C-alpha cells in the first residue's frame with residue numbers, strides 16, 4: 001500500500017549498532033537531500049532475501065541519489081545476536097548500511113507489522129510510501145524517478161556517494177558454505193555460497209582440489225572457469241556421477257560434471273516464480289523460486305522450493321518439473337501432498353521409503369512417504385522454537401537447515417540457530433543432542449563412522465565421531481513459546497484498549513478510524529467473531545471441542561494532532577499484531593484485553 005502524506009520519518013535507532021559504515025553511526029539528518037529506502041528485514045526470511053536481490057539493480061542504477069538502509073529486526077532468538085547479523089550481512093552480500101535493531105525499536109517507531117517492509121523517505125525527511133512484502137521494487141523505482149525530478153527542481157536533492165563502507169575481505173578457503181556432498185572416491189563437494197562457487201575438497205575436508213565457477217554472481221553455463229552461480233546451496237549425486245545443484249538466487253537447478261567441470265542448466269529460467277505462473281512443464285521453461293536443497297527419491301530429483309514453501313520434482317526421464325507437495329501457503333499442515341503446508345523447506349535427505357526434510361521456519365523435522373503423504377516428527381508451528389531434548393512431541397529445534405540419515409535409521413538434524421547437531425530416533429520418538437558449539441551448522445554428510453558437519457559461520461567442515469556416545473553433551477533445554485492464556489469455552493469478549501497519545505485524538509474525518517481483524521489457528525477454534533470490522537471490541541465464540549490454539553489479532557487506530565489552529569495536523573497510524581496462545585478450560589477468563597500502544601511503544605508478531 002502506498003501513501004503520500006506529509007509524515008516526518010522517525011529517527012533510526014537500535015542497540016545493536018551499525019554495520020557497513022566503517023564504524024560510524026548514521027542519522028536521518030545527515031541523509032537529508034537523499035532519497036532513503038529503509039528495508040526492514042530478518043535473515044531467516046526468504047521473502048526478505050528476495051527483496052535484497054530485488055534492490056540490487058535499483059541501488060546500482062540510482063547510486064548517487066538513493067541510500068538504502070537495512071534495519072534488521074529479528075524473529076528468532078539467534079537473530080538478535082549481533083555477530084549473527086554481521087555474518088548475515090556478509091553472507092547475502094548486503095552492500096548498504098545496516099542498523100542492527102535487536103529490540104525492534106525502529107520497527108515500532110515505523111509501526112511495521114511484517115517482514116519484509118520497505119519505507120521510502122523523500123529528500124526533505126518525510127515518509128512518502130510504505131510497502132509490505134516482496135515484488136514492489138518496480139513501483140518504488142518509479143517513485144524514486146518522480147522524487148528525483150521533483151526535488152531536483154526544488155533544489156532539495158543532493159547527489160553524491162553514499163555512506164556504505166565495504167568490509168575487508170577474509171582470506172578463508174570457504175566463505176559461508178551451505179551444503180556438502182561426498183563424491184565417489186572420497187572427495188567432498190561443497191557449495192561455497194557467498195563466493196558463488198562449488199569447491200572440491202580432498203578427503204581431509206580442508207585441502208582445495210578444484211573450484212567450479214568463476215566466483216562472480218551470474219547465470220552462465222560452460223566450463224569450470226567461466227560458469228557462474230548465484231548463492232548455490234543443495235547438492236545431489238545423479239546417475240553417472242553428475243551432480244544436481246540448487247542454484248538458489250538464480251532460481252534454477254544446475255548440473256555439474258565434476259570430472260570435466262562443465263556446468264549446464266536442468267531446470268528454471270532464471271526468473272522467480274510468482275503466483276499464476278505455470279507449476280509444471282518442460283523444466284527449462286518453468287520458473288522456480290529459491291530452490292534450497294535437492295535429493296533423489298523415488299526415481300526423481302526432489303527440490304526444496306523454499307521461496308514458495310513447496311516440494312517440487314524434476315524428472316530426468318522427460319526433463320519436466322512439477323509440484324509434488326505443498327499449497328504455497330506458509331505453515332505446518334500434514335496430510336496428502338496437495339493439502340500440506342510447509343514453511344521454507346531447506347534440507348532434504350532420502351531413504352528407500354522416506355524423504356526427510358528440515359522445515360526451517362516452523363523449526364520442524366518432517367517426512368514424505370512414497371505415496372506423497374506428509375508427516376511431522378518434531379515441531380508444532382511458526383512461533384514455537386527453542387532447544388529442548390526428550391519426546392518428539394515436546395522437543396524443540398530452532399530454524400534447522402539440514403538433515404542427514406544415520407546408519408541406524410535415525411536422523412541427524414543440523415539445528416542451525418541452536419548451533420547444534422541433534423538426533424531424532426523414529427524407533428523411540430526421542431530427540432537428543434549430539435554436539436553443540438557448531439556455529440550455524442547447515443548440513444552434514446556421513447563418512448564411515450564419522451559425520452562431517454558444514455559449519456557455515458565458521459567457514460569450514462568439522463569432523464565428529466559416531467556413534468553418539470562419544471560426542472554426548474548435556475542437553476540444553478529452554479522454550480521460547482509463550483504460556484497460553486486460560487480462557488473459558490463459549491463467549492469470550494475481546495477488547496483492544498487504545499488511548500490516543502497526549503495531544504492527539506482519533507482521526508474520524510473520513511469515517512471510522514479503527515480496524516480489528518481476528519482469525520485463529522486452527523480455524524475450528526473460532527465458531528464466531530472472526531473477520532474484519534471497525535470496532536476495537538468483539539464478541540468471540542470459542543469451540544469447546546478444541547482444547548487449545550492461537551488467536552491472531554490485528555488492530556489499527558489512526559490519530560491526529562489535536563490542535564484546532566492547525567489546518568494540516570500531523571497524523572499517525574498505530575498498528576499492532578498479536579499471536580495469543582490460548583487454552584480453553586472451565587474457569588478460564590471470559591474477557592481478553594489487549595493494549596494497542598502508540599508508535600513509540602508498539603510491537604508486532606511476525607507477519
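The values are calculated or read from the model by the stated rules, or taken from the named source; none is laboratory data. This one's a predicted model, so the numbers in the text were calculated from it and none came from an experiment. Note that each Cβ is placed from the backbone with ideal geometry, even for glycine, and that neighbours are counted across all protein chains shown.
Out of all the residues in the stretch 59-67, is one or more under 30 Å from residue 561 (Cα atoms) and assigned to a loop (DSSP other than H, G, I, E, B)?
No, the conditions are met nowhere in the stretch 59-67.
In a loop (DSSP other than H, G, I, E, B) and at pLDDT 95 or above: does that describe residue 399?
For residue 399, the condition - in a loop (DSSP other than H, G, I, E, B) and at pLDDT 95 or above - is met.
Any residue in the stretch 237-252 that is buried (at least 19 other Cβ atoms within 10 Å of the Cβ), in contact with a helix residue (DSSP H, G or I) (Cβ under 7 Å, 6 or more places away or on another chain), in contact (Cβ under 8 Å) with a residue 24 or more places away in the chain and not in a loop (DSSP other than H, G, I, E, B)?
No: zero hits.
Being assigned to a loop (DSSP other than H, G, I, E, B) and under 17 Å from residue 47 (Cα atoms) is the filter; apply it to the stretch 328-362 and report the residue that is nearest to the chain's Cα centre (by Cα).
Among those residues, the one meeting the criterion is 344.
Based on this model, can you work out whether residue 384 counts as in contact with a helix residue (DSSP H, G or I) (Cβ under 9 Å, 6 or more places away or on another chain) and surrounded by fewer than 19 Cβ atoms within 10 Å (Cβ to Cβ)?
no
For the stretch 130-171, which positions are in contact with a helix residue (DSSP H, G or I) (Cβ under 6 Å, 6 or more places away or on another chain) and more than 30 Å from residue 439 (Cα to Cα)?
137, 141, 157
Residues 579, 549: which one is closer than 18 Å to residue 384 by Cα, part of a strand (DSSP E or B) and modelled with pLDDT of 75 or more?
On inspection, the qualifying residue turns out to be 549.
Quick check on this structure: which one of 307, 331, 337, 326 is surrounded by fewer than 18 Cβ atoms within 10 Å (Cβ to Cβ) and not assigned by TED's automatic domain parsing to the domain that holds residue 394?
Exactly one of 307, 331, 337, 326 is surrounded by fewer than 18 Cβ atoms within 10 Å (Cβ to Cβ) and not assigned by TED's automatic domain parsing to the domain that holds residue 394, namely 331.
Condition check: modelled with pLDDT of 95 or more and within 17 Å of residue 69 (Cβ to Cβ). Does residue 177 satisfy that?
So residue 177 fails the test.
Can you find a residue that is surrounded by fewer than 18 Cβ atoms within 10 Å (Cβ to Cβ) and at pLDDT 95 or above anywhere in the stretch 407-420?
no
So which residues in the stretch 127-142 are more than 15 Å from residue 107 (Cα to Cα) and not in a loop (DSSP other than H, G, I, E, B)?
The answer is 128, 129, 137, 138, 139, 140, 141, 142.
Quick check on this structure: which one of 189, 174 is under 27 Å from the mean Cα position of the chain (by Cα), closer than 22 Å to residue 438 by Cβ and assigned to a loop (DSSP other than H, G, I, E, B)?
None of the others qualify; the one that does is 174.
Every residue in the stretch 316-327 that is touching a helix residue (DSSP H, G or I) at 6+ places or on another chain (Cβ under 8 Å) and assigned to a strand (DSSP E or B), please.
Matches in the stretch 316-327: 320, 321, 324, 325.
Could you list all residues from the stretch 74-94 that are over 15 Å from residue 399 (Cβ atoms) and outside any helix (DSSP H, G or I)?
The answer is 92, 93, 94.
Quick one: residue 306 ticks every box in (1) more than 24 Å from residue 370 (Cβ to Cβ); (2) in contact with a helix residue (DSSP H, G or I) (Cβ under 8 Å, 6 or more places away or on another chain); (3) touching a residue at least 60 places away in the same chain (Cβ under 8 Å) bar one, so which box is it?
Single failed check for residue 306: (1).
Return yes when residue 401 is under 27 Å from residue 463 (Cα atoms), surrounded by 23 or more Cβ atoms within 10 Å (Cβ to Cβ) and in contact with a helix residue (DSSP H, G or I) (Cβ under 6 Å, 6 or more places away or on another chain) and no when it is not.
Answer is yes for this residue.
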